[in-house]
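Here is the structure we will look at.
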Amino acid sequence: MAGRRRWPGRVYGVGEEPDPRFSFANERTFLAWVRTALALLAAGVAVDVFVDDLDDGLRIGLAVGLTLLGMACSLGAYLRWASSERALRQRLPLPTSTTLPLLAFGVTLLGLVVFVATLA
Amino acid sequence: MRGGSQPPSGPGPGLHAERTVLAWQRTALALLVGVLAVGRLVLDDLPWLGVGLVVVAVPLTWSLVRLASAVTRRPPDGRLPALTTALVLTVGVVELVHAVGS
């Protein structure tokens, strides 16, 4: 791929090529997050389409919450991939994940909402 | 295969490359299924959105499926991750419009 500039320059314009195994592992981590995001989107679609016995507002809120959480995971996955690849190229420590606590908090919160709604 | 320093001992990145290709393929296929499912879902309530999603996102997602097979034969690049993220966000936006609007 001689002559083709790699994108983004913010990632590939610094440091040097890392061990390819580390780049592959970084990509596979990104893809695992994307599949998590798709699962959350699928859950949002399922709540939107198949759940009939919840209050409309709660159903829509749950569907929106799951969808937004999935979108946040996807965006967080890309940002983490970019910052990790940049750190690998510069032989710096890998950045901490902000998506992981977001996912844990989000799923817990939505679960609590469903739990309270079921009891009410 | 991509450039980069060889590890001091042990096998090369061969198996890692294969695992990465497989991960790309299953993610791209899952994304294709998601795009088609959401497109079909919104087709009845918001036909313009469903058609738009299918017309725009399905060819891009199918390209991703094909590119995923060759992902380790070129230097790593941020275009595929960015395209993947953009497609997931597009599906999410369409679902949000459907959930709130219908």
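Observations on the model:
- The magnitude of the dipole of the protein assembly as shown, with charges of +1 and -1 set on the Cβ of Lys/Arg and Asp/Glu and taken from the Cα centre, is near 1360 debye.
- Here each label is just a point 7 Å from Cα along the line to Cβ, and for A:GLU16 and B:VAL56 those points are 4.3 nm apart.
- Annotation: extensible slack from A:THR98 through A:ARG5 equals 30.5 nm (criterion: 0.36 nm per residue apart, minus Cα-Cα distance).
- Residues in the stretch B:67-72 carry Karplus couplings, in order, of 5, 4, 5, 10, 5, 9 Hz; the curve used is 6.51 cos²θ - 1.76 cosθ + 1.60 with θ = phi - 60°, and Gly or Pro positions show x.
- Averaged over the residues of peptide A:31-40, the number of Cβ atoms from other protein chains lying within 10 Å of each residue's Cβ is 6.
- Computed on chain A, with alpha-carbon pairs under 8 angstrom and 6+ residues apart, the relative contact order is 32 percent.
- For B:SER69, A:SER74, A:SER97, A:SER23, order by how many other beta-carbon atoms lie within 10 Å, fewest first: B:SER69, A:SER97, A:SER23, A:SER74
- Lys, Arg +1 and Asp, Glu -1 on Cβ, resulting dipole of the stretch A:54-120 about Cα centre, debye, nearest 20: 460
- On Cα atoms only, tilt of B:79-101 relative to the major axis of chain B in degrees: 20
- Nearest-ten-degree value, helix A:20-50 long axis tilted from longest Cα axis of chain A: 20
- Neighbour net charge for A:LEU58 - beta-carbon separation under 14 angstrom, K R +1, D E -1: -4
- In chain A, taking the dipole from charged Cβ atoms about the Cα centre, the farthest positive-side position among A:LEU62, A:THR108, A:LEU75 is held by A:LEU75.
- Stokes-Einstein diffusion coefficient of chain A, Kirkwood radius over Cα pairs, 25 °C, 0.890 mPa s, in µm²/s: 150
- Degrees between helix B:14-45 axis and first principal axis of chain B (Cα, 0 to 90, nearest 10): 0
- Calculated FRET efficiency for the pair A:ARG91/B:VAL33, C-beta based, R₀ 41 Å, to 0.05: 0.60
- Listed residues B:VAL97, B:GLY78, B:LEU36: farthest to the positive end of the dipole of chain B (Cβ charges): B:GLY78
- Rounded to the nearest 0.05, the FRET efficiency derived from the C-beta distance between B:VAL65 and A:ASP55 at R0 = 41 Å is 0.55.
- Placing unit charges on the Cβ atoms only, positive for Lys and Arg and negative for Asp and Glu, gives the stretch A:7-99 a dipole magnitude near 600 debye about its Cα centre.
We did not get these values from a lab; they are worked out from the coordinates using the rules stated. Note that the structure is predicted; figures quoted are calculated from it, not measured. Neighbour counts run over all protein chains shown; Cβ positions are idealised from the backbone, glycine included.
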